[in-house]
Amino acid sequence: MRNRQAVQLLFELSKPGAEAVRWPAADVPESAPSALLPAGACAAAPPPLPELSEPDVVRHYVNLSTWNMSVDTHYYPLGSCTMKYNPKRNERLAALPGFAEMHPYQPDDTAQGMLRLLYESQQFLAEIAGLPAVSLQPAAGAHGELTSLLVAAAYFRDLGQQRTTVIIPDAAHGTNPASAALAGFEAVTIKSTPAGYVDLDALRARLDQRTAVFMITNPSTLGMFEPNIARIAEAVHSVGALMYLDGANMNAILGVARPGDFGADLMHFNPHKTFSGPHGGGGPGAGPIAVAERLAPYLPVPVVVCRDGKYRLDFDRPKSIGRVRSFFGNVGVLVRMYAYILTHGPEGLRRVAEQAVLNANYLLAKVASLLPVPQGPRCMHEFVATASRLKAERGVSAMDIAKRLLDYGFHAPTVYFPLIVPEALMIEPTETESKQTLDAFVEALRTILAEPAEVLHQAPHTTPVCRPDDVLAARKPVLRWQPEAAQS
Amino acid sequence: MPYFPNTPDDQRAMLETIGVDSLDALFEQVPKPLRLGRPLNLPPAMGELELTVHMSALAEADAPAGKAACFLGAGAYDHFVPALVDFVAARSEFYTAYTPYQAEASQGTLQAMFEYQTLITQLTGMDVSNASLYDGATALAEAVLMALQTAGPQRRRVVVHRSVHPEYRQVLGTFLQNLSAEVVDSGGYTVDAAALPEVDSSAACLVVSQPGFFGTVADLAPVVEHAHRCGALVIVVFDPISLGVLKRPGDLGADIAVAEGQSLGNPLSYGGPYLGILACREQFVRRMPGRLVGQTVDRSGRRCWTLTLQTREQHIRREKATSNICTNQGLLALRAAVYLSALGPNGLKRVAELCLHKTHYARQRLTAGGRASLLFDAPVFKEFALRLNDRPVDEFLAAAAERGIYAGAPLGRWFPELNDCLLVAVTEKRTRCEIDALAELLEG
């Protein structure tokens, strides 16, 4: 079955004279480009791209695709990434010309359906967040974090307050401190409790008049709802700071609890996680944010407004931080989000959370008999098991287990994150997996743990490649193909 | 509900295994006073048929430019997308996978990204490309952050030529608003041989666009040489399609090249998701933002691919990372790679030539009657700025829209002093017939 054509690179398949696209003859007069363009700007020859026929290109990529695991083909319990089923109706609807073929600078009069969809999306997210003002502009979660922190900075600047720090628990996603630095703040890390909760004393010790924002992931990256969230919010607000919610784990609390109700002033959503946008091998996502009323004036321009039954883009927002990207936002992802929210309705969204939490707790109960789960017997949408004892006793690491799971036809969990759990295996089943799939996963794990350590160290055995040499890749980076003559 | 596979029997068995008697009991962690206690105030659930009817009606309420004679451009272009691009991108194994952290389960995505990086270096003449950023504007902001890191504390001026897309300049301003850097505008609307006094020994970089926002093309050699003499890096914003006929950023002497990659096989989609392209010279590779895929070998010595140089990235380096980006635009990058491999050098050259010829025909045709004139005489690639001599822009655009023609983007939106002007883009999809119809409307 192995197809040699897939192993080769596009460039190695290239053959002078082959072409997959033939353009029509011009229906207007032609002259040489050099007669129309400045000599110093003209290329002597087109770029040295590969030359391929259409069947070559299609066979190449279809073969490559078969070397991926994906949600449509495999159970993909990648913790923190919420790899749920991507509904096919959403794809068909997002491809309608009335959405997919809209130019961003069309007059608002010609985009009333599009604008209504976006306006309603703002309202839906405000209701789900419990925060009244929404910007759909950010392109991904990390971009939403940055945007929110810029909003916070503009708010404090407007108040005349000098606030320079952003406090972040050590269990947070790496994007949190990276976004804080990019927004011009000093990122201050605080330790979490052994159970992965916010250490209230550590937080209080760092909170002062210099604190702009405290960023919290709730439910946490360990999949736990923060028991002290009300006291945390109170402490943050008592020094005049804002609380930011990293909304990566909203799947666990849809319709159950709202960030605005538990003290968050700003948050981002990950529609590609919570609202089923396909992950695309690394995007696109989207990162819309919701904020409290007093922060609304600082949101990026434009936002969608509705007056007298007409929808339009509003650019007239003098206190806005400005644009955070060109055009409106990752609209294609937002259209899928809109379809997903309407498919579920209020009860359905709550059931998303219930079924995600049911699946995670069921899996936790079964996995806990095989591997320690330090956080205890309950979780929200995900949990973190540890292979640290196994590592000490048998030399078997979280990575070994992850790699061996691939042989059994399961994508690996997230490993070595969060950083506060050694040899972490972070497992998120989502609501779209069945009990039967989860049972099969547990049986595979049971089998793996009984296998000789050597078998696991050598895993995976059935994939196209086994354990790429990451050290070599980083030490001598080869980041592009070059013709042999050009290689040193 | 369509996407929950567990039956009531399954759920009962699962609750029993967990040791609780209801779904509610699983939410005990959430303090009672903080629970919502009511259904969300959202429209009731819709089945697939109702949803299809509802969203089709919304779509029908739009008049999509991509279905009309679209002369709108200004950074987002109505280019033709070959069917194989849609076909490949619709492969479940590509579009329902995620970031290839587990290399063995992701060789398809990894190799496709390695090929994308290579195609972008071939396209641009640069040494290295990353695996994508959000869009052209944020790619420029990231490029400027790279330049600032490289330049060090003595050089904090970012000189941006006015030929750069106004929204890119706005985004750059937003990104830098709390960092110790100064953005300075320079030059006129088009690039010419005049000196740019703002570029001096305190400049970290010069940002220039080729073609410029107004479609014009210039010989960039004098400005590039001047910037390099001052010790500033040169960031070139380019149009990928234009490289079928124009010199590549690498051949122009660019240190970093950025672009909006939408025109490489990606739908207009009302402005996103699009594709941020960023490529640079070898020496800046460890300051690059975003994912990089590298070649290596596996245990058996087989050539393969893996994410590499991850110590630049937020999940390792946290607040010291080169960027905060995590999720990028993988599927759009895949589409661009399929598009470029389908076109090849000759296809890219031909589509660029078609744009060029049709644009020149339109430029001549629209100004022949005397009711509109060119804002700039400089050579152009696929769009040009037109001044209406005797009628308001809005009125003309509305009249054209009634005939199914999107005549262009009104420039007053970004430049109040140009409120009698519009920017007209002409891609390979525009026909002589459509251009003539627009000209007749203008003259009528």
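The values are calculated or read from the model by the stated rules, or taken from the named source; none is laboratory data. Values in this document were obtained by computation on a predicted structure and should not be read as measured data. So basically every Cβ, Gly included, is an ideal-geometry build from the backbone, and we count neighbours across all protein chains shown.
Remarks
- Number of residues in the stretch A:193-215 that are surrounded by fewer than 21 Cβ atoms within 10 Å (Cβ to Cβ) and of a type in the set (Ser, Thr, Tyr): the value is 1.
- Only listed residue being modelled with pLDDT of 95 or more, part of a loop (DSSP other than H, G, I, E, B) and facing another protein chain (nearest Cβ under 8 Å), chosen from A:Ala365, A:Ala286: A:Ala286
- With respect to being closer than 27 Å to A:Asn86 by Cα and either at pLDDT below 95 or among the hydroxyl-bearing types (Ser, Thr, Tyr) (or both), B:Tyr77 falls outside the description.
- Extreme residue, farthest from B:Gly136 (Cα to Cα), among residues of the stretch B:80-99 that are at pLDDT 95 or above and in contact with a Gly (Cβ under 7 Å, 6 or more places away or on another chain): B:Glu93
- Members of the stretch A:289-327 that are part of a helix (DSSP H, G or I) and crowded, with 24+ Cβ neighbours inside 10 Å: A:Tyr298
- Among the residues of the stretch B:219-246, those identified as of a type outside the set (A, V, I, L, M, F, W, C) and either in contact (Cβ under 8 Å) with a residue 60 or more places away in the chain or more than 11 Å from chain A (Cβ to nearest Cβ) (or both) are B:Glu225, B:His226, B:His228, B:Arg229, B:Gly231, B:Asp239, B:Pro240, B:Ser242, B:Gly244.
- Any hit, the stretch A:100-119, residues being buried (at least 24 other Cβ atoms within 10 Å of the Cβ), at the interface with another protein chain (Cβ under 7 Å from one of its Cβ atoms) and among the small types (Gly, Ala, Ser): yes
- Of the residues screened, B:Val245 is one that is over 17 Å from B:Ala147 (Cβ atoms) and β-branched (Val, Ile, Thr).
- Selection within the stretch B:388-407: residues that are within 22 Å of B:Lys429 (Cβ to Cβ), assigned to a helix (DSSP H, G or I) and free of Cβ contacts under 8 Å to residues at least 40 places away in the same chain. The member of this set that is nearest to the other protein chains (Cβ to nearest Cβ) is B:Leu397.
- Test result for B:Gly108, small (Gly, Ala, Ser), assigned to a loop (DSSP other than H, G, I, E, B) and at pLDDT 95 or above: no
- Screening B:Asp24 with (1) more than 7 Å from every other protein chain (Cβ to nearest Cβ); (2) more than 26 Å from A:Leu131 (Cβ to Cβ); (3) of a type in the set (Asp, Glu) gives one miss only, at (2).
- Selection from the stretch B:374-394 of residues that are within 30 Å of the chain's Cα centre (by Cα) and exposed (fewer than 14 other Cβ atoms within 10 Å of the Cβ): B:Asp377, B:Asp394
- Single match in B:Pro44, B:Pro5, B:Pro39 (criterion: outside any helix (DSSP H, G or I), over 30 Å from A:Gly260 (Cα atoms) and at the interface with chain A (Cβ under 7 Å from one of its Cβ atoms)): B:Pro5
- Scanning the stretch B:247-260 for residues that are within 12 Å of another protein chain (Cβ to nearest Cβ), in a loop (DSSP other than H, G, I, E, B) and either of a type in the set (Lys, Arg) or crowded, with 24+ Cβ neighbours inside 10 Å (or both) yields B:Lys247, B:Arg248.
- Among (1) at pLDDT below 95; (2) more than 8 Å from chain B (Cβ to nearest Cβ) - the single one A:Val21 does not satisfy: (2)
- Condition check for A:Phe269: more than 7 Å from chain B (Cβ to nearest Cβ) and under 23 Å from A:Ile229 (Cα atoms): yes
- Qualifying residue in the stretch B:362-378 (condition: modelled with pLDDT of 95 or more and at the interface with chain A (Cβ under 7 Å from one of its Cβ atoms)): no
- Criterion: more than 14 Å from every other protein chain (Cβ to nearest Cβ), surrounded by 19 or more Cβ atoms within 10 Å (Cβ to Cβ) and at pLDDT 95 or above - qualifying residue of A:Val352, A:Val384, A:Val357, A:Val373: A:Val384
- Selection within the stretch B:310-363 - in contact (Cβ under 8 Å) with a residue 12 or more places away in the chain and of a type in the set (Ser, Thr, Tyr): B:Thr322, B:Ser323, B:Thr327, B:Tyr339, B:Ser341, B:Thr359, B:Tyr361
- In the set (1) more than 8 Å from chain A (Cβ to nearest Cβ); (2) in contact with a helix residue (DSSP H, G or I) (Cβ under 7 Å, 6 or more places away or on another chain), the condition left unmet by B:Leu72 is number (1).
- A single entry from A:Ser148, A:Ser179 fulfils the requirement of being among the polar types (S, T, N, Q) and in contact (Cβ under 8 Å) with a residue 40 or more places away in the chain: A:Ser148.
- Residue under evaluation B:Leu343, criteria (1) facing chain A (nearest Cβ under 7 Å); (2) part of a loop (DSSP other than H, G, I, E, B); (3) in contact with a Leu (Cβ under 8 Å, 6 or more places away or on another chain), criterion not met: (2)
- Test result for A:Leu93, aliphatic (A, V, I, L, M) and either more than 8 Å from chain B (Cβ to nearest Cβ) or in contact with a His (Cβ under 9 Å, 6 or more places away or on another chain) (or both): no
- Single residue of A:Glu186, A:Glu226, A:Glu234 found to be over 18 Å from A:Phe417 (Cβ atoms), more than 23 Å from the chain's Cα centre (by Cα), at the interface with chain B (Cβ under 10 Å from one of its Cβ atoms) and not small (Gly, Ala, Ser): A:Glu186
- Checking A:Ala171 against (1) surrounded by fewer than 22 Cβ atoms within 10 Å (Cβ to Cβ); (2) more than 8 Å from chain B (Cβ to nearest Cβ), the condition it does not meet: (1)
- Of the helices (runs of 4 or more DSSP H) lying entirely inside the stretch A:390-488, those containing at least 2 residues that are within 10 Å of chain B (Cβ to nearest Cβ) are A:398-407, A:435-449, A:470-475.
- Filtered residue count, the stretch B:413-444, keeping only those that are within 12 Å of B:Ala385 (Cα to Cα), more than 12 Å from every other protein chain (Cβ to nearest Cβ) and of a type in the set (Gly, Ala, Ser): 0
- Of all residues in the stretch A:63-78, those that are more than 7 Å from every other protein chain (Cβ to nearest Cβ) and surrounded by fewer than 24 Cβ atoms within 10 Å (Cβ to Cβ) have Cβ atoms under 7 Å from Cβ atoms of residues that are in a loop (DSSP other than H, G, I, E, B) and of a type in the set (D, E, K, R), 6 or more apart or on another chain, in A:Tyr75/A:Glu433.
- For the stretch B:420-444, the tally of residues that are part of a loop (DSSP other than H, G, I, E, B), farther than 12 Å from B:Ala362 by Cβ and under 26 Å from the mean Cα position of the chain (by Cα) stands at 2.
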